[in-house]
Structure formats: structure tokens, C-alpha cells
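Everything below concerns the one structure shown next.
Coordinate-derived values only; no laboratory data. This structure is a prediction, so every number in the text was calculated from the model and none was measured. As a convention, Cβ positions derive from the backbone with ideal geometry for all residues, glycine included, and neighbour counts pool all protein chains shown.
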């Protein structure tokens, strides 16, 4: 092999944590199939090891964890045999203090109840001033592109932030502070408060408020111990947040080296049972850990596959800069260097450069890094789920990936001010558009929200014009709402995302209308009914997907309406006039609430034709 492959970089992650080799120890977690009585276990073990502490950690089907601590090292094989003899069905026994890469036995969730919110109040949408100040760039197009008219405010959703410190939380309108383990919530650092401020928002001292990405989401803090030498608090915080009804869980505190069977259970629990069975999104940052291969002078900045953020059930977020690319910074020598790990598991980028400080009345920056990027990304997820709560986690994942802003991986790769050109490798994407620095691209909240709420918007976003989709969305209530309702629109948008044939059907009709609208003279050469037939076929494809019972009647009504219309030439012309009335959506200078205008030939004259982009809308006398 000659030369360096285009996907290569100095991939040498730090080897964090681990070390649980199954040897006897005095602090273990026992996972069982059913609940077990701690007193029975204590009595069973007391005659063998003397003083023993047995504490339930989590007990809610299908997860039952019990912690056993003893001054004497316990042999796991003997412990399992003793528990089995007492009638317990043991799934596994693992260290409470040391992680490993062994997955837990499969967690059977088929007989478990989906988790729904319990005692966690959702919030209603609000309208507040959102100043367009320089450091709030993370909400604009160079950030995650939040357009409130399309994205809303995240009302109705719930965010859980897992962290280990609680300073400045009085500035956050929290639903609750939940102490996961430990005795008190420390109040030394404001890391959690900053994340909450960027994701949701904060209260200012003058009585105003700072609007985050999803300002009407309802947030909670789940506090785990700081600098702890155990591996059960993180998975316990995840399952407790999911049990309580979290839609999105973000953990941006230090969790390197904490992969374990417990975390495997927690992620399975979240992604299969969370959010009423649709799956709770778990977000983690890439982090920033410098290491170097023994035979290299280059920093690897690598996120290893052994880390929790690399688990495929976690949405791993890297930081982007104000120029939209990967976040770079200047060291004290004026050299440009990266500020985040690279790796095969990175999903997307979100702003991680200096962001507006959430607790200041004046507009000033605070350093965000990949933790802040994860918080901003969590806010985007909340916006999309607020717009379409029925999205499953795989649908959400695909929708966000399909709507990202694609980045140029070679950007600044030859900048003479780079501290080390190897820091920006790799300089190209794989065929699936993934790059170890950028993941699949930078999140785009407006594009994702539009694609989530309407099948036509979804098609328009995918053929490359978010502005067209926005104009259609704003115009739809006056033109298309009489044809299909909001519930139908959101359900069919989900199907469009996952069904390639249906997506092509709707995209092809959208492309045809776009072509006709660009040059109205082309209308006279179109066969009457061809656009309606294309929509009819799309509806036929939709009907194959086993629609929910409450939508089946609406789908059949729309189908029958199209068939009846196509049976009569005059009705066909009138219907296609209405369809083409949306043509101004495709015009760059269209009014945000377009009133499309056109004239029609009579049925005897044939196909529809436009009078142009600015004429009055006129229908033929025999319409």
C-alpha cells in the first residue's frame, strides 16, 4: 500500500478504566430477572462472610439491581450458586467499581411496560423576545438554524441532564433536582447549569430570561457523585430519568472508562422502553483527550470504541465553530489546534465554540466545547420531538442525519497557521458522508422540524431547499389543510423518512411542480391529471404501510377524492389548478404566505397554464 488512506488519522485512544476481570471483590452488583428481598440475601451471606450490606439499587421490571458490599472479597461463582439455591434467577454479577467491555445478557423488554412521564410536568409554549445578538450565533444558520415559526419552543418535552455539580441552578427553572447517589448535591461548579441554559434557558437577575434552543422543554437534573470510583451511578441515573419520563437524556460529565454490563442494560432500557416505547434519546459529547502513539509526534485526539459515547445507542456530538466547521482554537503561540476527539462513532456536530453566557444580561461569551455542543444538540432533539412526538428513536436518528448541513472535511486543512496538519485528518468523507471529525454533518433544526411534520415538507427538504419547505409549511394551513390534517401529515412524514419508494414518489411530484413553476410556459405541455396521478400513487404506497386505524378512513377518503377527480376532466383541471397554486412556494422571491396566481385553459383547451408569477389568480368559467 502506498500513501495514506483518505479515511486514516492517528487513531490511538487513551485506555480508560476497565479492569473488571471477574476476580473476587467486596463490592458487587447483582442483576436478577425478578425482585429479590435484600434481607434474604443478607441472611444467606452472613453465615459465610459475616457482616454484609445489601442495598437495592433499582427495581422496576425488567431491571433489578442489588448492591452487595462486604469486607471480605466475594467469589462471584459461589455467590451466584447461593442466590440460585435461594430461588433467585441471576442474570449476571458485576463489579460496582470497575467497568469492562462484556455486554450484559440480553435484556428482555417484550413483557415490560413502556415508560411514560410520572410526576414530571410538561410546559406550554410561550412567546418571548429572543435578541439576535452576536454570541447567540448558535441559534442562527451558522449554528443549528432555529426558526421558531417552524421549530417551536420544545413545549411538551422533558430533558434530563446527568451531571455531578449544581452551582447556579437557582437560575434554571428546574422541574426537580434528583440526587441519584451520594448524600448531597455539590454546589462548586456551574457545568450543569450552563448546559441547561444553552439547551433550555435561564432566568436573569433583572427578571428577564435567556432563551435556549428549546426554551419550553421541562428540565431536571440527575446528580451523580463527583470523582467517584464506581460505575453504577451513571447507568442508574439513566434508568431513573427514563423511568420518570425523559424524552432526551444528556450526560456531558466525565464518564470515560465507565462501560459496563450495567450501562449496557441502561442504554437498552432507554432505547426500547423510554418515551412510551418510542425510545429515549441519550446524548453524550466526544470529549477531548490528548494521546499520542509511541512512534508518533502527532496528537491522536481519539474517541475510542471502548467509551460510553461510542455505543451505537448513544448520540455522540462533536463541537462546531462559528464558521460552521470543526471547532478549532488558537494556543498561546497563535497556532490553530482542534478542541475535540475524532472517532468512528461521532454522529453529528453542534456549536461548541464560545456561546452566549446564559446568566448575563449583556451579551458575552462562555466557553462551550463538546459539552456545550451536546447540550445544544439535545435542544434540537427536543424541538423535533415536540413537533412530532410519535417519532421513534430510529426515525429521529435517520431524520436528523438526512437533514444535516454537510461540511467540507478538508476545510483549513492546508492553513499555514495549523499547529500540526495531522490534527485535521481525515480530509475526506466515506461514501456514506461520515467523517471522523464531523460525523454526518452539523445539525439543522429547521430542516429536521420541517421534515418531521409534513410529507411534502419532508420531500422538499430532501431535494435540497429548506426555504421552499418553510414556505410550503406556512402556506399549507390555507391551501392544503382541507385535504389532509395535521395528525395525518405527521404520520405520513414518518413513513416518508423510512420508505424509499414512497419518498421517491413524493419527491418526484415535488420536482415536477418545481420545474413547472420555474417556467410557467411549461404547464401547457403537461398531460392533465399526471400530477394528481402521481399523488394518487403515493397515497397507494402509503396505504401499504398499515396506517393506524384512526387515519385509515382519512387516507381512503383522500384516495377516493383523487380517483373521483381524475374521472372528470373539468374536475381534474380545477384540482391541478389548486395543486399548482402552491407553485410560488418554489420562487425565491415568494411571499412567506404566498397567494399563488394563475390562469387556466378551459377543459376543451387542455392542460393548465400560468399567467406568470405576478398575475391575478383566475379560473376558467366552466370550473
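Taking Cα pairs under 8 Å and at least six residues apart, what relative contact order does the chain come out at, in percent? Please report the intermediate quantities before stating the final value.
Details: 1370 pairs, mean separation 75.0, N = 623.
Relative CO of the chain lands at 12 percent.
May I ask for the equivalent-ellipsoid semi-axes of the range 429-473, computed as the square root of five times each C-alpha gyration tensor eigenvalue and listed largest first in whole Å?
With the √(5λ) rule applied to the range 429-473, the semi-axes are 24, 10, 8 Å.
Using the scaling law 2.2 N^0.38 Å as the reference, what is the normalised Cα Rg of the range 273-399?
Numbers: Rg = 16.5 Å, N = 127, 2.2 N^0.38 = 13.9 Å.
Computed over Cα atoms of the range 273-399, the ratio equals 1.19.
Pairs of alpha-carbon atoms within less than 8 angstrom and 6+ residues apart define the contacts here; what relative contact order does the range 479-586 have, in percent? Could the numbers behind the result be given before it?
Details: 68 pairs, mean separation 39.5, N = 108.
Once divided by the residue count of the range 479-586, the mean separation gives 37 percent.
Based on the inverse mean of 1/r over its pairs of different Cα atoms, what is the Kirkwood hydrodynamic radius of the range 343-393, in Å? Intermediate results must be reported in sequence, preceding the final value.
Details: mean 1/r = 0.0791 Å⁻¹.
The answer is 12.6 Å.
Angle between the Cα long axis of helix 76-85 and the longest principal axis of the chain, 0 to 90 degrees, nearest 10?
Once rounded, one gets 80 degrees.
Over the Cα atoms of the range 403-466, what is the Rg over Rh ratio if Rh follows Kirkwood? Working shown, then result.
Numbers: Rg = 15.3 Å, Rh = 13.4 Å.
On the Cα set of the range 403-466, Rg over Rh gives 1.14.
Report the relative contact order of the range 25-95, percent, no decimals, based on alpha-carbon pairs under 8 angstrom and at least 6 residues apart.
Numbers: 121 pairs, mean separation 33.7, N = 71.
With pairs under 8 Å counted, the relative contact order is 47 percent.
Could you work out the Rg to Rh ratio of the range 479-586, with Rh taken as the Kirkwood radius (inverse of the mean 1/r over all Cα pairs)? Let's see the in-between values first.
Details: Rg = 13.9 Å, Rh = 14.5 Å.
With Rg and the Kirkwood Rh in hand, the quotient comes to 0.96.
So for 254, 472, 92, fewest C-beta neighbours within 10 Å to most, what's the order?
Going from sparsest to densest Cβ surroundings: 254, 92, 472.
Under the Kirkwood approximation applied to all pairs of distinct alpha-carbon atoms, what is the hydrodynamic radius of the range 420-523 in Å?
Values: mean 1/r = 0.0642 Å⁻¹.
Kirkwood radius, the range 420-523: 15.6 Å.
How would you rank 520-527, 321-328, 218-225, 174-181, highest first, on the average number of other Cβ atoms within 10 Å across their residues? Don't jump to the answer; show the numbers that get you there.
On the way: 520-527: 14.1, 321-328: 19.8, 218-225: 24.4, 174-181: 16.9.
Per-residue mean Cβ counts within 10 Å order the peptides as 218-225, 321-328, 174-181, 520-527.
Where the convex hull is taken over the Cα atoms of the range 164-258, what is its projected area averaged over directions, in nm²? It would help to have the intermediate numbers written out before the result.
On the way: hull surface 24.6 nm².
With the hull built on Cα positions only, its mean projection is 6.1 nm².
Of the DSSP beta bridges with both residues in the chain, give the percent that are antiparallel, rounding to the nearest 5.
Values: 32 of 60 bridges.
The antiparallel fraction comes to roughly 55 percent.
Which value in Å does the Kirkwood hydrodynamic radius of the range 342-469 take, with 1/r averaged over all unlike C-alpha pairs and then inverted? Intermediate results must be reported in sequence, preceding the final value.
Values: mean 1/r = 0.0618 Å⁻¹.
Hydrodynamic radius (Kirkwood, Cα only) of the range 342-469 equals 16.2 Å.
When only alpha-carbon atoms count, how far does the range 364-430 stretch along each of its three principal axes, as whole angstroms with the largest first?
48, 36, 14
So what does the Cα-only Debye profile of the chain read at q = 0.10, 0.11 Å⁻¹, as log10 I(q)/I(0), no solvent term?
-0.95, -1.08
Taking every Cα atom in the range 7-101, find the radius of gyration and the maximum pairwise distance Dmax, and write them in Å.
Reported Rg and Dmax, both Å: 15.9, 59.
Could I get the Rg over Rh figure for the range 311-358? Both from C-alpha atoms, Rh via Kirkwood, rounded to two places. Show your work: numbers first, answer last.
Values: Rg = 12.4 Å, Rh = 12.0 Å.
Reported Rg/Rh (Cα atoms, Kirkwood Rh): 1.04.
For a test of the definition: using alpha carbon positions, the gyration tensor, and the 1.5 limit on a/c, classify the range 131-289 as rounded, prolate or oblate.
Numbers: a/c = 1.78, a/b = 1.40, b/c = 1.27.
Here the range 131-289 falls in the prolate category.
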